[in-house]
Amino acid sequence: MIGRGIWKKGAPFFLLILLLAAWEAATVIWNIEKWLLPAPSVIFFEGIESVHNLLGHLLSTVELALSGFLIGSCIGLLIAAALHLFPGVKDAVYPLLILSQNIPIIVLAPLLVIWFGFGMLPKLIVISLVCFFPVAVASLDGLRQTPDELKHYFKMMGAGKRQLFWKLELPHSIPSIFSGLKISATYSVMGAVISEWLGAKSGIGVYMTLASSAFRTDRVFVAIFIIMGMSLLFFGVISLLEKHLVSWKRKEDEKHASGN
Amino acid sequence: MHLEIKDVSYSFDGKRNILEKLNFHVNEGEFVTILGPSGSGKSTLFHLTGGILKPDHGDILLDGKNINGLKGHISYMPQQPSLLPWRTVLENVLLGSELAGMKDKERAKSLLKKAGLGEYERAYPHELSGGMKQRAAFIRSILSPQDLMCLDEPFSALDEMTRVQMQKWLMSFWEEYRRSVLFVTHSIDEAIFLSDRIYVLSSKPASVIKEVVVPFPRPRREDQLLSDEFIHLKRKLYAALKPN
């Protein structure tokens, strides 16, 4: 039993180790050039060596991703609440929301620079544009799926629209909101990196472009791993928050899972 | 508190009436049951009293004041317990009074204790059994400040054993507090055991076809359920309910 528990928790980790080992072996066996595909060990040591240089880049990306994520999520929540409270507006606006996600960011980003310059604003717009959508859609679903029997009780007791929203619909949709936040959190890092390609003084995106144009493939991979790590970390923080805030839901799910 | 339903008619489509010229009343501190077959418009009647729907004809009078289409004048207990899963039992039973803008935590705690839910104050609804959930829902409606309590088939989703227990529990609780109650059910036994008076509804359209005063003294006891008088009353109600 204990062995199985460890296997279940550690499985992704073991798989990752296995993949890295295979990668390492492949570069040795076929003698692949470092600028074409560096071995994981090479990437690792390059990462350690340039830690000093990377730290500054890392911090500015974290700052950018975090502020973009916060702004985007707030916008997403506000949009969801507005569309929920005014169903007439929803019919008109919802298709536009979906269209907003079809704009290729790569094309939009340079335009934003032309309109707003090289400052924070165009970058925050890019990240917010990526981040608001999952939060808006998930929250809207959560609000909409409030059980009818609970709504009925509230109405029979004479609850107004405001009480219905704050005391019933919003708390009910919190688990859904968190699903949206988790997706947005991982997107925010990618959004930040892309927006840094537009031109920034520092950031993982800047580091990446420099490395790529200098054919320092090892550094490109360092950047990739950092981005992955950051995404995981953001995801983890949101999950932790969720665990604390919606403990009732987790206990309820466990009870259902145990067949009761 | 005195509720009077006067000549109330209602239809969903403007043609076929669901309720037709309904007349009945509930006196102060009285337990009145509306007994009717399934689909006879009992729920519609509650929606009208709760103000979610507005009667096409007639008046709903609470202490002489017309409350047609006005919400917030009754305390409601639905068929499903409808407790909020993210609130503890204590926060849940306070919800009704909270919606009306007043909370009395101490009273809630003492009532929970009396209902045998004292240890579950901080528990979440999913940790309770079906009967316990309904008890919590009942405490919630007692704590709501409105004078009239409307109970909509509150025990119909419970199994037989739990239901009988809940009826006894409800009786002992109610006999102590004596709020005016309008109770809806399709169970004849339940109606006789709990009520002071019973109105029998016809189905489609619903109107009152019989009014019966239940003669048993209070506090009610389980052995009354087997007395000749009880069987006699049951037979009478059964005959009235039978479709012609």
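Sparsely packed loop sites in segment A:1-108 (the chymotrypsin sites (Phe, Trp or Tyr not before Pro) outside DSSP H, G, I, E and B with at most 14 other Cβ atoms within 10 Å) comprise A:30, A:35.
Label positions at residue B:6 and residue A:74, each projected 7 Å from the Cα along the C-beta direction, are separated by 5.6 nm. The charge dipole of chain A, taken about its Cα centre with unit charges on the Cβ of Lys, Arg, Asp and Glu (plus for the first two, minus for the last two), comes to roughly 720 debye. Applying 1/(1 + (r/R0)^6) with R0 = 56 Å to the Cβ-Cβ distance of residue B:122 and residue A:108 gives a FRET efficiency near 0.65.
Only one residue of B:192, B:151, B:131 has its Cα farthest out toward the positive end of the dipole of segment B:125-215, where Lys and Arg carry +1 and Asp and Glu -1 on Cβ, and that residue is B:151.
Picking from A:224, A:67, A:135, whose Cα lies most toward the positive end of the charge dipole for chain A (charges on Cβ: Lys, Arg +1; Asp, Glu -1)? Towards the positive end, the residue furthest out is A:135.
A Förster radius of 41 Å combined with the Cβ-Cβ distance from residue A:247 to residue A:53 puts the calculated FRET efficiency at roughly 0.45. If you wrap the tightest convex hull around every Cα atom of segment A:138-260 and split its volume per residue, you get 146 Å³. Only helices enter the 222 nm calculation for chain A: every DSSP H run of n ≥ 4 contributes -39,500 (n - 2.57), and dividing by all residues gives -28000 deg cm²/dmol, rounded to 500. Near residue B:29, the amide H atoms lying under 5 Å from its own belong to B:180; only residues 5 or more places off or on other chains count, and H is placed 1.01 Å from N.
DSSP beta bridges confined to the protein assembly as shown are antiparallel in about 50 percent of cases. With a 10 Å cut-off around each Cβ of B:67-79, the average count of Cβ atoms from other chains is 3. Basic side chains Lys and Arg get +1 at the Cβ, acidic Asp and Glu get -1 at the Cβ, and with that the dipole of the protein assembly as shown about its Cα centre reaches some 240 debye.
Write out the chymotrypsin sites (Phe, Trp or Tyr not before Pro) in segment A:172-260 meeting two conditions: DSSP loop, and at most 16 other Cβ atoms within 10 Å of their Cβ. Of the chymotrypsin sites (Phe, Trp or Tyr not before Pro), the ones in loops of segment A:172-260 whose Cβ has at most 16 other Cβ atoms within 10 Å are A:215. Charged neighbours of residue A:69, selected by a Cβ distance under 14 Å, balance to +1 (K, R count +1; D, E count -1). With R₀ fixed at 41 Å, the C-beta to C-beta distance from residue B:231 to residue A:82 puts the FRET efficiency at about 0.10. Whats the longest run of chain B with zero trypsin sites (Lys or Arg not before Pro) that are DSSP loop and have at most 11 other Cβ atoms within 10 Å? It works out to B:123-244. For segment A:83-143, the set of chymotrypsin sites (Phe, Trp or Tyr not before Pro) satisfying both a DSSP loop assignment and a count of at most 10 other C-beta atoms within 10 Å is empty. When shorter helices are ignored and each DSSP H run of at least 4 residues is given -39500 (n - 2.57), the per-residue value for chain B at 222 nm works out to -10000 deg cm²/dmol.
Backbone geometry of segment A:42-50 corresponds, through the Karplus equation with coefficients 6.51, -1.76 and 1.60 at θ = phi - 60°, to 3J(HN,Hα) couplings of 4, 4, 4, 5, 4, x, 4, 4, 9 Hz, x marking Gly and Pro.
Every number here is computed from the coordinates shown, using simple stated rules; none is lab data. The structure displayed is predicted, hence computed values, not measured ones. We place every Cβ from the backbone using ideal geometry, glycine too, and count neighbours over all the protein chains shown.
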